[in-house]
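Following: one structure in structure tokens, then a few remarks.
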Amino acid sequence: MGSMSKSKTEGSSNPHKSWVFSDFSSTEHFDTDIGTEELAHLEMVSTIVHQLTRDLSLEEIQEAGFAPYFVDHTVGVWPQAASGMPFSSSTFQSTGDAIADLNEDMAAEQKARLTYDNILRLLDNPEVIDPIRFLREREIVHFQRFGEALRKVQDKLNEKNFYAINPEFDLNRSSGK
Ligand SMILES: [Fe+2]
């Protein structure tokens, strides 16, 4: 750790604010921007679900396989996966390591994109297809933005760090912070 730390922090008045996050502030808070946008997407999807289900007859609920959901929630919007797994914070990941988390974020965006791909394969309603296509495109943009952030973080790593391991936490410990 010592040699790696020295090579990047020599001459810096604040080594803790060194190469990992010093450039992050210049990325225009991209992570909070994406987080805010994702909440807006949740609102869009919830509205679509509400509009598609609010006027269902009991027969349509039965035929669509919607009955188990209906028993628990009537036609109220309750966030769960298509498989029935309820939404919870356990579906989030945060390791506290920028390299691991950004890779996780990129994978999550790809998983969101493929979910929309699968939804589009099943859809025949143009009023739903258009917003879902829009949401799918945004996931691709998010993937690209997280990729840019990951490259920025990796560019700040020691060039001898071939495995893209983030030593930030250990560097802070060894320097007494
Ligand atoms: Fe996204």
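The values are calculated or read from the model by the stated rules, or taken from the named source; none is laboratory data. These numbers were taken from a predicted model, which means no experiment stands behind them. In this analysis, Cβ positions are derived from the backbone assuming ideal geometry, glycine residues included, and neighbour counts consider all displayed protein chains.
Is at least one residue of the range 140-157 among the charged types (D, E, K, R), outside any helix (DSSP H, G or I) and either within 17 Å of the chain's Cα centre (by Cα) or more than 16 Å from the ligand (Cβ to nearest atom) (or both)? Working first, answer last.
Step one: filter the range 140-157 for residues among the charged types (D, E, K, R), giving 145, 148, 151-152, 155-156.
Those left that are additionally outside any helix (DSSP H, G or I): 156.
Narrowing further to those that are either within 17 Å of the chain's Cα centre (by Cα) or more than 16 Å from the ligand (Cβ to nearest atom) (or both): 156.
Yes, the range 140-157 contains a residue that is among the charged types (D, E, K, R), outside any helix (DSSP H, G or I) and either within 17 Å of the chain's Cα centre (by Cα) or more than 16 Å from the ligand (Cβ to nearest atom) (or both).
If we scan the range 80-89, do we find a residue that is under 13 Å from the mean Cα position of the chain (by Cα) and part of a helix (DSSP H, G or I)? Checked against the condition, which is being under 13 Å from the mean Cα position of the chain (by Cα) and part of a helix (DSSP H, G or I), the range 80-89 yields at least one hit.
Regarding D130, is this residue surrounded by 13 or more Cβ atoms within 10 Å (Cβ to Cβ) and of a type in the set (D, E)? Walk me through it before giving the result.
Details: surrounded by 13 or more Cβ atoms within 10 Å (Cβ to Cβ): no; of a type in the set (D, E): yes.
So D130 fails the test.
Would you tally the residues in the range 120-139 being among the charged types (D, E, K, R), assigned to a helix (DSSP H, G or I) and either more than 11 Å from the ligand (Cβ to nearest atom) or out of contact with any Phe, Trp or Tyr (no Cβ under 7 Å at 6 or more places or on another chain) (or both)? Number satisfying all stated conditions: 6.
Restricting the search to the range 104-119, which residues are more than 14 Å from H142 (Cβ to Cβ) and within 15 Å of the ligand (Cβ to nearest atom)?
Matches in the range 104-119: D117, I119.
Of the residues making up the range 133-160, those that are at pLDDT below 85 and loosely packed, with under 13 Cβ neighbours inside 10 Å are D155, E159, K160. The residues of the range 69-102 that are of a type in the set (A, V, I, L, M) and closer than 23 Å to L171 by Cβ, listed by number, are A98, I99, A100, L102. Kindly establish whether L157 is under 25 Å from G35 (Cα atoms) and touching a residue at least 60 places away in the same chain (Cβ under 8 Å). Judged against the criteria, L157 is not a match. Filtered by the rule that a residue be touching a residue at least 60 places away in the same chain (Cβ under 8 Å) and among the β-branched types (V, I, T), the range 69-127 gives a lone residue, I99.
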